[in-house]
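The values are calculated or read from the model by the stated rules, or taken from the named source; none is laboratory data. Owing to the predicted nature of the structure, the values given are computational and were not obtained by experimental measurement. Positions of Cβ are backbone-derived with ideal geometry, glycine not excepted, and every protein chain shown enters the neighbour counts.
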Amino acid sequence: MIKKNRIRIYLLITMGFALIISNSCKKDDKKDEPAPTSTTTVTDIDGNVYHTITIGTQVWLVENLKTKKYRDGTSITLVTDSLAWSKLTTEAYCNYNNDSNMAITYGRLYNWYAINDNRNIAPIGWHVASDVEWLTLINYLGGESVAGGKLKEAGTTHWLTPNIGATNTTGFTALPGGYRNSGVFENKGYYGYWWSSTEYSARDAWCRTMDYCNSNANSYDLPKDLGFSVRCVKD
């Protein structure tokens, strides 16, 4: 009888340790999983609604900018003609492939002159992220070589295969909206390009890029006349 009781006690102790270890592993797993928060929405001057996400000390819009107006209500110049776009030295926006339906998913494409316009392209209480603010985000996520994976939408609904490293653990949901180059639309599905508000030179400004074949979030200085996506961060 004593022997049977000892066996029962031993089994109970063993099961207890197993449960403790199991729960401990689950808790550790949870510690490794970021907990995105998206509790508010923001509406721009054009009536477009955006969700927000908190990443570290920053609050970002989840969607790319879609507005066709500046904060004061004046219209941003729509340029559809390829030759006209290639010669621009003033503000403008367009839709990828000149298809307004693209803006629903990917937002609109803007040249840097629209970003730098003092009429302000961002919703009230927000601004186009500077290169320093992009760098703060990238560093918080572990650096350029891994941050892209944590920012990109997971899967291949919008990104082409293999969409390497994409987990979207931040909830940032970066999409491959492509860009406009000298009037030609390129790379939708392959790359996402986002202007920063930071000027590099009279010709170029800083931007961030992510692509389908690695986990990077790279920084480049590129010509201001290119058409890129835009993300805003809270003031």
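Within the range 74-90, is there a residue that is crowded, with 20+ Cβ neighbours inside 10 Å and closer than 15 Å to G183 by Cα? Scanning the range 74-90, I find at least one residue that is crowded, with 20+ Cβ neighbours inside 10 Å and closer than 15 Å to G183 by Cα, so the answer is yes. Do we find that S182 is in contact with a Ser or Thr (Cβ under 8 Å, 6 or more places away or on another chain) and at positive phi in this structure? So S182 passes the test.
The set of residues from the range 197-215 being surrounded by fewer than 20 Cβ atoms within 10 Å (Cβ to Cβ), touching a strand residue (DSSP E or B) at 6+ places or on another chain (Cβ under 8 Å) and not in a strand (DSSP E or B) comprises Y200, S201, R203.
Against the definition (out of contact with any Ser or Thr (no Cβ under 9 Å at 6 or more places or on another chain), surrounded by fewer than 18 Cβ atoms within 10 Å (Cβ to Cβ) and either part of a strand (DSSP E or B) or polar (S, T, N, Q) (or both)), how does S219 come out, yes or no? Judged against the criteria, S219 is not a match.
Taking the listed residues A166, A154, the one that is hydrophobic (A, V, I, L, M, F, W, C), assigned to a loop (DSSP other than H, G, I, E, B) and touching a strand residue (DSSP E or B) at 6+ places or on another chain (Cβ under 6 Å) is A166, with no other qualifying.
For the range 166-175, a residue qualifies if it is crowded, with 20+ Cβ neighbours inside 10 Å, in contact with a Gly (Cβ under 6 Å, 6 or more places away or on another chain) and farther than 17 Å from Y110 by Cβ, and exactly one does: A166. None of N118, N111, N101 is in the same structural domain as G178 (by TED's automatic domain parsing), within 27 Å of D221 (Cα to Cα) and free of Cβ contacts under 8 Å to residues at least 12 places away in the same chain except N118.
Of all residues in the range 79-90, those that are within 9 Å of D225 (Cα to Cα) and of a type in the set (D, E, K, R) total 1. In the range 154-173, the residues that are at positive phi form no Cβ pair under 8 Å with any partner that is surrounded by fewer than 20 Cβ atoms within 10 Å (Cβ to Cβ) and aromatic (F, W, Y), whether six or more places apart or across chains. Going by what's in this entry, would I121 be described as β-branched (V, I, T), at pLDDT 95 or above and more than 30 Å from P162 (Cβ to Cβ)? Yes, satisfied. Once the range 17-43 is narrowed to residues that are of a type in the set (A, V, I, L, M) and part of a helix (DSSP H, G or I), the residue that is modelled with the highest pLDDT is A18.
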